[in-house]
Amino acid sequence: MTNAKDVLVIGGDGFCGWPTALHLSNLGHNVTIVDNLSRRDIDAQMGADSLTPIASMDDRIAAWAEQTGRTIGFENIDVARDYDALCKLMQATQPDTVIHFGEQRAAPYSMKGASEKRYTVDNNISGTHNLLAASVELGLDPHFVHLGTMGVYGYDDDGLEIPEGYLPVYIPADDKQIIKRDILYPTNPGSVYHMTKSMDQLLFQFYAKNDRMRITDLHQGIVWGTQTEETRLDERLINRFDYDGDYGTVLNRFLMQAVVGHPLTVHGTGGQTRAFIHIQDTVKCLALAVENPPARDGKVAILNQMTETHTVRSLAKLVAETSGAQIANVDNPRNEAAENDLRVSNKTFLSLGLKPITLAEGLMDETQQIAAKYAKRCIRKMIPCVSTWTDKQRPGVVPAKASKAA
């Protein structure tokens, strides 16, 4: 690869980070994963586990080398707490690109209680700022690529198409002139996790303006699927499949529930509209972002990383029709609107050549096959969503009668 880059993948042991690290390595980039393995620790604390068996990091990297002849480096560093170790690594590697996945990513987990809220803020904000501050202190010039979320905008259904980051506003001046400004599209976070992603945006705005850092912030939809071209090469490379009520994403949860005979848990009416993207498209989008850094113009490049939108009830209906599973409308543990619409612009990735994978293209079958293969690993008590946003919400537990009927 003639334009191979030295890439640090912060959080490269996670659901999106691991397949991204493999994909970039497969493209010829020199990849080093930086991770403190906290996602594994959180599983142990909750009594949960990935439905798919996850090999140790040493075994994962060894399997990749055996299958491809390519080497991925690994450094066990907590970027939110060990600033000196982070600086030492960045000084040694002189990265062209820093990809930042190293944040606590689950909205329900961030709302479990005070300790989880504090951990999410401390980890996410400190980690992001440490990476930015280290780049400036060391005089480095990496392209900083951050995985954000569409959820920073909330789901209030105001009818507007969500643009890629910026909103033009027109302000009356004293001399009767109209002044145009491009401002960050207003955020409306629906959880502590989403709040930290909103705060990230201000950090990026400052460092892009003050230090002319090149920053790409990817506002991603909900990821579905498990496997990518690279993770299919060896079972030791298999990606995470989270199905528990805190970390499992909605479509993957439905597919797993159908396989183990659990009713599909639809929160409230199921009228929540969300943006979605397949994990294979996630890694392709990251590669496109790496290959297309923004100009050094004091402005953050904000791209919407999603491919389609669906309501939760339409997803449940689709899975039920193909699997014969029952649907159970349960209490919504989240403090959110019962119904919303969602329109999102994703023109940049389409213009860069992304050909989206949609639900209609059959990869849902592969995910269901993965769920069936490892169904015996399911810990059924972890299926319900029990983390509530306030004391006014109730856990999303299937009523006993409905559960027995299924």
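The values are calculated or read from the model by the stated rules, or taken from the named source; none is laboratory data. All of these numbers come straight from a predicted model, not from anything done at the bench. Methodologically, a virtual Cβ is constructed for each residue, glycine included, from the backbone with ideal geometry; neighbour enumeration extends over all protein chains shown. Calculation scope for accessible area: heavy atoms of the full protein, side chains included, ligands and nucleic acids excluded. Shrake-Rupley method; radii C 1.70, N 1.55, O 1.52, S 1.80 Å.
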Measure of compaction for region 151-292 (Cα Rg per 2.2 N^0.38 Å): 1.36
Sites ASP211 and LYS392 - FRET efficiency at Förster radius 45 Å, r taken between beta-carbons, to 0.05: 0.55
Heavy atoms of GLU366: accessible area, 1.4 Å probe, square angstrom to 10: 40
Radius of gyration and maximum dimension Dmax of region 275-356, Cα, Å: 17.2, 54
For region 1-120, the spread of Cα positions along each principal axis, largest first, Å: 49, 33, 20
Estimated Rh, region 56-128: Kirkwood, alpha-carbon pairs, angstrom: 14.6
Inter-part distance where region 43-116 and region 275-319 are each reduced to a Cα centre, Å: 21
Filter on LYS112/LYS284; LYS299/LYS347; LYS112/LYS197; LYS197/LYS299; LYS112/LYS381 - keep pairs with C-alpha separation over 22 Å: LYS112/LYS284
Semi-axes of the equivalent ellipsoid for the chain, Cα gyration tensor, largest first, Å: 32, 27, 20
Apportionment of accessible area to carbon and sulfur, region 1-111, percent (1.4 Å): 42
Carbon + sulfur, % of accessible area of region 325-368 - ligands and nucleic acids excluded, 1.4 Å: 46
From phi via Karplus (6.51, -1.76, 1.60), per-residue ³J(HN,Hα) for region 86-91 in Hz, x at Gly/Pro: 4, 4, 4, 5, 5, 5
ARG313 - accessible surface, heavy atoms, 1.4 Å probe, Å² rounded to 10: 100
Two-site FRET efficiency, ASP297 against ALA400, from Cβ-Cβ distance with R₀ of 56 Å, rounded to 0.05: 0.40
Solvent exposure of region 255-406 as accessible area per residue, Å², 1.4 Å probe: 47
Whole-Hz couplings from phi, Karplus 6.51/-1.76/1.60, listed for region 323-337; x for Gly and Pro: 10, x, 5, 7, 10, 10, 7, 10, 4, 8, x, 8, 8, 8, 5
Under 10 Å, Cβ to Cβ, from HIS262 - net charge with Lys/Arg +1 and Asp/Glu -1: +2
Value in Å of the Kirkwood radius, where region 114-210 supplies the Cα pairs that are averaged: 15.6
Average accessible surface area per residue within region 1-155, 1.4 Å rolling probe, Å²: 36
Karplus-derived HN-Hα couplings along region 351-366 (A = 6.51, B = -1.76, C = 1.60, θ = phi - 60°), whole Hz, x at Gly and Pro: 5, 7, x, 5, 10, x, 8, 10, 4, 6, 9, x, 5, 4, 5, 4
Over region 224-365: Kirkwood hydrodynamic radius from C-alpha pairwise inverse distances, Å: 16.9
Distance in nm between pseudo-label sites at LEU160 and ASP58 (7 Å out along the Cβ direction from Cα): 5.3
Neighbourhood net charge (12 Å Cβ-Cβ; Lys/Arg +1, Asp/Glu -1) for ASP217: +1
Efficiency of FRET between ARG380 and GLU229 - r from beta-carbon atoms, R0 41 angstrom, step 0.05: 0.80
Amide H partners (placed H, <5 Å) of GLN305, local residues excluded: HIS219, GLN220, GLY221
Shape of region 289-406, Cα gyration tensor, a/c cut at 1.5: prolate
Reachable aspartates and glutamates, given that their alpha-carbon falls under 18 Å from the alpha-carbon of LYS209 and they are not under 8 places away in the same chain: GLU137, ASP141, ASP182, ASP200, ASP217, ASP297
